1. Determine, yes or no, whether Phe176 is at pLDDT 90 or above, of a type in the set (Phe, Trp, Tyr), buried (at least 19 other Cβ atoms within 10 Å of the Cβ) and within 23 Å of Gln209 (Cβ to Cβ).
2. Kindly indicate which of Leu216, Leu184 is assigned to a helix (DSSP H, G or I), in contact with a strand residue (DSSP E or B) (Cβ under 8 Å, 6 or more places away or on another chain), in the same structural domain as Asn87 (by TED's automatic domain parsing) and free of Cβ contacts under 8 Å to residues at least 60 places away in the same chain.
3. When residues of region 187-198 are filtered for being surrounded by fewer than 18 Cβ atoms within 10 Å (Cβ to Cβ) and outside any helix (DSSP H, G or I), how many remain?
4. For residues in region 46-92 being over 15 Å from the mean Cα position of the chain (by Cα) and of a type in the set (Phe, Trp, Tyr), which is nearest to Ala224 (Cα to Cα)?
5. Which residue out of Glu95, Glu149 is of a type in the set (D, E, K, R) and either modelled with pLDDT of 95 or more or within 19 Å of Ala227 (Cβ to Cβ) (or both)?
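The values are calculated or read from the model by the stated rules, or taken from the named source; none is laboratory data. It should be emphasised that the depicted structure is a prediction, and the values quoted were computed from it without experimental measurement. FYI the Cβ positions are ideal-geometry reconstructions off the backbone, even for glycines, and counts take in every protein chain you see.
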Amino acid sequence: MDSENLIATLDPSEIVFFVGLAVFLVFVLVIYFVISNARDRKRSQAVTRVAQEIGFSFEGDKWSDPEQGPDLETALFQKGSVRYFENIMTGSSDELRASLFDYSFLTGGERETHTNTQTVATFSKSGFGLPEFELTPVNASISNSQHTEIRFDSHPEFSQRYQLHGPDELGTREAFTPALLSYLEGLDPKKRWRLEGTGETLILYRAGQRVDPGELRRFFDEAATLAGVFFSVVGPRKTT
């Protein structure tokens, strides 16, 4: 039955009901987008203030100089679809190039989608050639189950707390030195840090957690400390 015939079978009260329902749904959607946009603007304003406090530049939704941006080809940035960046700010931490931003991607199908958003910190050190790896808390979802899970008999607690995967097992073993394994064992498990690496860049985040503006400074400081230790004790992966 086409739409014209369907309408013809309805009495006036039913037509009024369905027209009213359509108007109501449109109104709800408009209100949702207005509130969502206002909330996003408020967050961007708060993040801009945080960027000023830590001496970073607020760049919006893209890097002003893409060539200076981090290498974003790790597992996180291959998940889902309709991927987008927001509230990018860039600067430095000690001798590392750093950036902090919100990253979102969609999962699901046509009938139901889910937006997954997390705040991400990246740190890059010139001349490094990190192997591609993904480090997650144990029992957390991983992006590519075909990659080898790498375990260390010398550090059983590390393997009890983390899953480490990567296509280059030998290179990853060289990078994860005993000092690095011991340091990671000592991190607070409640933080549920995820680490990913490739080339010059180390990426840190907590899956599905967008950090409140009031906590961004603390989040960045913790991530910067972790990155500083990582680059100081990682195995000899320099490319120059």
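1. On the way: at pLDDT 90 or above: yes; of a type in the set (Phe, Trp, Tyr): yes; buried (at least 19 other Cβ atoms within 10 Å of the Cβ): yes; within 23 Å of Gln209 (Cβ to Cβ): no.
When the stated conditions are applied, Phe176 does not pass them.
2. Numbers: Leu216 fails: free of Cβ contacts under 8 Å to residues at least 60 places away in the same chain.
Answer to the selection: Leu184.
3. First, pick out the residues of region 187-198 that are surrounded by fewer than 18 Cβ atoms within 10 Å (Cβ to Cβ): 187-192.
Add one more test, that the residue is outside any helix (DSSP H, G or I), and what stays is 187-188, 192.
Total satisfying the criteria: 3.
4. Phe56
5. Working: Glu149 fails: either modelled with pLDDT of 95 or more or within 19 Å of Ala227 (Cβ to Cβ) (or both).
It is Glu95.
Residue by residue, here is whether (1) under 20 Å from the mean Cα position of the chain (by Cα); (2) within 21 Å of Phe105 (Cα to Cα) holds:
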{"residue": "Ser182", "(1), (2)": "no, no"}
{"residue": "Pro189", "(1), (2)": "yes, no"}
{"residue": "Trp193", "(1), (2)": "yes, yes"}
{"residue": "Gly197", "(1), (2)": "yes, yes"}
{"residue": "Ile203", "(1), (2)": "yes, yes"}
{"residue": "Gln209", "(1), (2)": "yes, yes"}
{"residue": "Arg218", "(1), (2)": "yes, no"}
